[in-house]
1. I'd like the full set of residues that are part of a strand (DSSP E or B) and open to solvent by less than 30 Å² (accessible area, probe 1.4 Å), limited to the range 469-498.
2. I'd like the residue in the range 352-366 that is in contact with a helix residue (DSSP H, G or I) (Cβ under 8 Å, 6 or more places away or on another chain) and part of a helix (DSSP H, G or I) and, out of all such residues, is surrounded by the most Cβ atoms within 10 Å (Cβ to Cβ).
3. In the range 296-351, how many residues are of a type in the set (A, V, I, L, M), touching a residue at least 24 places away in the same chain (Cβ under 8 Å), in a helix (DSSP H, G or I) and open to solvent by 30 Å² or more (accessible area, probe 1.4 Å)?
4. Which residues, counting only those in the range 179-188, are under 17 Å from residue 450 (Cα atoms) and surrounded by fewer than 17 Cβ atoms within 10 Å (Cβ to Cβ)?
5. Could you please find all residues in the range 337-351 being in contact with a helix residue (DSSP H, G or I) (Cβ under 7 Å, 6 or more places away or on another chain) and at pLDDT 95 or above?
6. Here is a list: 387, 334. Which entry is under 23 Å from residue 505 (Cβ atoms), touching a strand residue (DSSP E or B) at 6+ places or on another chain (Cβ under 6 Å) and polar (S, T, N, Q)?
7. Within the range 418-445, track down each residue that is of a type in the set (D, E, K, R) and open to solvent by less than 10 Å² (accessible area, probe 1.4 Å).
8. Can you find a residue in the range 191-210 that is part of a loop (DSSP other than H, G, I, E, B), surrounded by fewer than 18 Cβ atoms within 10 Å (Cβ to Cβ), touching a Lys or Arg at 6+ places or on another chain (Cβ under 8 Å) and basic (Lys, Arg)?
Amino acid sequence: MKCPRCQADNREGRRFCAECGASLSAACPACAFTNDPGEKFCGGCGQPLRAPGGAAAPPPSPQTYTPAHLAEKILTSKAALEGERKQVTVLFADLKGSLELLADRDPEEARALLDPVLAIMMEAVHSVEGTVNQVMGDGIMALFGERAWGQARPVRIGSTLSATGPYSVGAQITQAPNYTLWQEQVNARGGLAVKGEGRRPIEFISIDDRSEIETAVRFYEKLATDDKVDLMLPPWGSAMNFAIAPVANKYGYPLLGPTAISAKFKEMAIPYFYTFLVQPEGQMKAVAGLLKDLKAQGKISKVAVAYVNDLFGIELNAATGPALREAGVEVVDTKSYPLGAKDLSPLLKGFKAAGADAFVGLTYPPDNILVTSQAKEVDWNPAVFFTGVGTAFPFYRERFKGAEGIMGIGGWNPKVKFAGAREYYDAHVKKHQKEPDRWASAFAYASLQILEKCVAEVGLDRPKIKAMLDATEFQTVAGPIRFAKGENVATPGMVGQWQKGEFEILWPKAWATGAPVVPKAPWA
């Protein structure tokens, strides 16, 4: 047996050269298989043992030591060809004490000791579908991510939601919990079903817009131009949606707005924007219809109206006067107040002095807390006390000890007879340890159901998604939804009332889950 280092002849059976002490076996640098000196190709994996010209074979490439099933995923994935930006974890691992162990050893002997260790390290990385990026002497460099190399690229969905500022209460009750619930449910099923691509995980790209319209507009521009997200979801509230809808429309992103109420959306003719909630005229006709019915029963006679001085309140108020006049209900006073108002007691005292026995507040969640607290403080308890967005939120019920008899905008509860409604309610409670609101939570979830159905049937081609939105009636946890020129025309205006812990639907009568309790109970 000839020594590979000094070429001395050695008898068969020796493991080290009698002349120079070099190892007489050749460990394959790729798989660590033991080969005889002079052999050119490994008997374990077929890789060359020495490079042309007699030099040692170069270190194996990642393709060589990556398991075949992972290599196939990497090389056939779309991301491998196009490139992809992602967050990864980089691991550097080496053999502790290797310098001392190998200091006086021949290189071949050192290699024979190291290779089995490196093989074990690589096997551990591959067992969790990590990727060994480099082999470096006595160590390796490995990459890990929440999505391994070769897995389907995520469907990236961008949005802003208010976590601070006056819009944060509504956003964190109505939209944020439903977005995270849906994402978890879909990813648990293996991802969003995309026509022609199979399932892909959902990844949200979102920031706190701080209830600042300019911040939201800038971020939606960034989502479209820099991030190039696949889909978009809307922010919270009418004013925010009004500002960002033109941005989404400019870049051709269908935007399903479950918390936007404004007739101006129709006037602006924004083809890619869709509203779910009943718009001002339809909503206030529902309120007027109920009040007309109660007046005919002799339960109310005079109405006072307060509205928040922003797009939401102004438009609802513009629809309120005509609707009440048509219903034959007298309005004794109407007052506006600024967004973020801290004291509404003078306004309420004026309504009390005017003899109003029905109050209609076109309000946001923080205003509801304020106006309800101060009505109690000034000892005004009209027969009908109706407030706007937030009345149907469970936290409002808890804040006012059941809020018994208080009415508000809203038309959903877990008793409705829509497919999946009860299951949605139970899943929301299980996930977040709190109930969905009875106003727009179900519509927020329904918007995601609709988006999911469209992507499954037409893929991520946004014009095709729009075409499907325009042509389809969708069955959701919030009931049937059908769009005509971007407006949901399948859902009627509705009024609800807290009764013994549940927000019962009062109007229209065809959708009712309870009858009106008038006059309302005394303040608790």
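1. The answer is 474, 476, 479, 481, 483, 488, 495, 496, 497, 498.
2. Residues of the range 352-366 that are in contact with a helix residue (DSSP H, G or I) (Cβ under 8 Å, 6 or more places away or on another chain), as a first pass: 358-366.
Going one step further and asking which of them are part of a helix (DSSP H, G or I), we end up with 365-366.
Details: 365: 25, 366: 19.
Per the criteria, the residue is 365.
3. Narrowing the range 296-351 to residues of a type in the set (A, V, I, L, M): 296, 300, 303-306, 308, 311, 314, 316, 318-319, 323-324, 327, 329, 331-332, 339, 341, 344, 347-348.
From the residues that got through so far, the ones that are touching a residue at least 24 places away in the same chain (Cβ under 8 Å) too are 300, 303-306, 308, 311, 316, 318-319, 323-324, 327, 329, 331-332, 339, 341, 344, 347-348.
Remaining after also requiring in a helix (DSSP H, G or I): 311, 316, 318-319, 323-324, 327, 347-348.
From the residues that got through so far, the ones that are open to solvent by 30 Å² or more (accessible area, probe 1.4 Å) too are 311, 318.
Number of matching residues: 2.
4. Initial filter on the range 179-188 (under 17 Å from residue 450 (Cα atoms)): 179-187.
Those that are under 17 Å from residue 450 (Cα atoms) and surrounded by fewer than 17 Cβ atoms within 10 Å (Cβ to Cβ): 180, 184, 185, 187.
5. From the range 337-351, those in contact with a helix residue (DSSP H, G or I) (Cβ under 7 Å, 6 or more places away or on another chain) are 337, 341, 344-345, 348; that's our starting set.
Hits for the range 337-351 are 337, 344, 345, 348.
6. Working: 334 fails: under 23 Å from residue 505 (Cβ atoms).
Going through 387, 334 in turn, just one is under 23 Å from residue 505 (Cβ atoms), touching a strand residue (DSSP E or B) at 6+ places or on another chain (Cβ under 6 Å) and polar (S, T, N, Q): 387.
7. From the range 418-445, those of a type in the set (D, E, K, R) are 422-423, 426, 430-431, 434-435, 437-438; that's our starting set.
Those that are of a type in the set (D, E, K, R) and open to solvent by less than 10 Å² (accessible area, probe 1.4 Å): 437, 438.
8. So far as the range 191-210 goes, no, none of its residues is part of a loop (DSSP other than H, G, I, E, B), surrounded by fewer than 18 Cβ atoms within 10 Å (Cβ to Cβ), touching a Lys or Arg at 6+ places or on another chain (Cβ under 8 Å) and basic (Lys, Arg).
The values are calculated or read from the model by the stated rules, or taken from the named source; none is laboratory data. Predicted model, so just to flag it, every value in this text is computed and none were measured. Note: ideal-geometry Cβ built from the backbone for every residue, glycine included; neighbour counts use all protein chains shown. Only protein heavy atoms, including side chains, enter the accessible area calculation; ligands, DNA and RNA are left aside. Shrake-Rupley method; radii C 1.70, N 1.55, O 1.52, S 1.80 Å.
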